[in-house]
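Step one of this worksheet: look at the structure below.
The values are calculated or read from the model by the stated rules, or taken from the named source; none is laboratory data. Predicted, not measured: the structure shown is a model, and the values here were computed from it. Because the Cβ atoms are built from the backbone with ideal geometry, glycine has one as well, and the counts that use them run over all protein chains shown. Just so you know, the surface numbers come from the protein's heavy atoms only, side chains and all, with ligands and any DNA or RNA stripped out. Shrake-Rupley method; radii C 1.70, N 1.55, O 1.52, S 1.80 Å.
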Amino acid sequence: ACNYLEFLTQSRPRVLIIDDIQWGPDTLQFLEYLIARWAHLPILLIATIQNEAERVPQGANEVIKRLIQTPQGYVMSLGPLTAKAHQALLGDRMTLDAGVVEQLAELSGGNPLFTREILQSWITKGVLVPGPKGFRLKAGRKIPLPEGISALWEARIDSALDGAPDAAKKSLMVGSILGQTVTHSELEDSCRRLGIPVDVSWLERCFDGGLIEPAGSGRWCFSHTLLRKTLQEGARSRGFWTDFHSAVADAFIEGQDVPSERIGEHLLAAERFAEAVDPFIRSADLLRFRSDYSGAQRHLRRAAVALKRA
């Protein structure tokens, strides 16, 4: 391979791009050999490493560290796309309604790979329909995550909680129902009602595995929206969805100071439809008092949905 690269560089310098080197031990060995023995070649080598590199086999991790510390090397950390860049990425592909663009940005967290996978999945599953301002999501359709992305996050969860009891993953599922940011007291109260123990050591493993991040005193947040969505899909598929929402609603009703509409949403998801009506109406009254009439109408519509289902 190096002899071929030498032949290619006889006419002009070359750019060699290798993607996701953390998953290729043979590729890592090749790169070490290329840099050590063929450093005279006029080649710009660009290698990408995902954050998952922290969780590859130890041998590969050591090679990556040596490559990063190479004197000729330069490391550039790429963060999420800005809102403007995300809009440009999507605008080059198809005309989308502003609401779809906003939802894609929230789900992907500015990761262009996730954006592409989600959009392709929506196109394949036929959940995008033409609208006056571009393609929009079909009303009333459940929007599943692409299988590849779900599998990636499931693997990261399993890796972080390897050897932990099933209660550890269940407690994360309850956390995903509580929100993107979780108050630890709310998590403990909800899990206690479900008979699920919450062990701080499990949460520490999730911190170490990059699944959750600190968010102030007694609070933490999921590292990515798609991680939370994956946990929610797991709760649905294992038949925990309504029970988990019911426990969260009871915890809020009896002890937690939370907005009424939040209680209503959990009761609605728990299929306790008749009980969900009053919290939405109380919330609508409060918003009307504050002259937020559009918000009041939105919550009254949720009350109407709950009443119809009841």
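The residue that is farthest from L16 (Cα to Cα), counting only those in segment 29-54 that are of a type in the set (D, E, K, R) and at pLDDT below 90, is E54.
Close contacts from segment 187-206, counting a first residue that is under 15 Å from W241 (Cα atoms) and a second that is surrounded by 19 or more Cβ atoms within 10 Å (Cβ to Cβ) and among the polar types (S, T, N, Q), with Cβ to Cβ under 8 Å and a gap of 6+ residues or different chains, come to C191/S171; I196/S171. In segment 279-304, what count of residues is obtained for those that are free of Cβ contacts under 8 Å to residues at least 24 places away in the same chain, assigned to a helix (DSSP H, G or I) and open to solvent by 20 Å² or more (accessible area, probe 1.4 Å)? Going through segment 279-304 one residue at a time, the tally reaches 13. With respect to the conditions (1) open to solvent by 60 Å² or more (accessible area, probe 1.4 Å); (2) modelled with pLDDT of 85 or more, P57 lacks only one, and its number is (2). Residues of segment 81-93 that are surrounded by 10 or more Cβ atoms within 10 Å (Cβ to Cβ), out of contact with any helix residue (DSSP H, G or I) (no Cβ under 8 Å at 6 or more places or on another chain) and at pLDDT below 80: G91 alone.
Of the residues making up segment 120-129, one or more are part of a strand (DSSP E or B), modelled with pLDDT under 85 and touching a strand residue (DSSP E or B) at 6+ places or on another chain (Cβ under 8 Å). Evaluation of R272 against the conditions (1) more than 26 Å from the chain's Cα centre (by Cα); (2) modelled with pLDDT under 95 shows that the sole unmet condition is (2). One residue stands out in segment 113-134 among those that are surrounded by fewer than 17 Cβ atoms within 10 Å (Cβ to Cβ) and among the small types (G, A, S): the one that is nearest to P146 (Cα to Cα), namely G126. Inspection of segment 208-218 identifies no residue that is closer than 30 Å to W122 by Cα, touching a Cys at 6+ places or on another chain (Cβ under 9 Å) and part of a helix (DSSP H, G or I). Counting only residues that are out of contact with any helix residue (DSSP H, G or I) (no Cβ under 8 Å at 6 or more places or on another chain) and open to solvent by less than 50 Å² (accessible area, probe 1.4 Å), segment 208-217 holds 1 of them. Considering only residues in segment 173-207 that are in a helix (DSSP H, G or I) and charged (D, E, K, R), the one that is most open to solvent (accessible area, probe 1.4 Å) turns out to be R192.
One line per residue, one yes/no per condition, for (1) surrounded by 19 or more Cβ atoms within 10 Å (Cβ to Cβ); (2) closer than 21 Å to D189 by Cβ; (3) free of Cβ contacts under 8 Å to residues at least 40 places away in the same chain:
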position: R219; (1), (2), (3): no, yes, yes
position: F222; (1), (2), (3): yes, yes, no
position: E254; (1), (2), (3): no, yes, yes
position: A274; (1), (2), (3): no, no, yes
position: A306; (1), (2), (3): yes, no, no
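For G163, the conditions (1) open to solvent by 20 Å² or more (accessible area, probe 1.4 Å); (2) assigned to a helix (DSSP H, G or I); (3) out of contact with any Asp or Glu (no Cβ under 7 Å at 6 or more places or on another chain) all hold with the exception of (2). From the list G110, G140, which residue is among the small types (G, A, S), at positive phi, at pLDDT below 80 and open to solvent by less than 40 Å² (accessible area, probe 1.4 Å)? None of the other options fit; the residue is G110.
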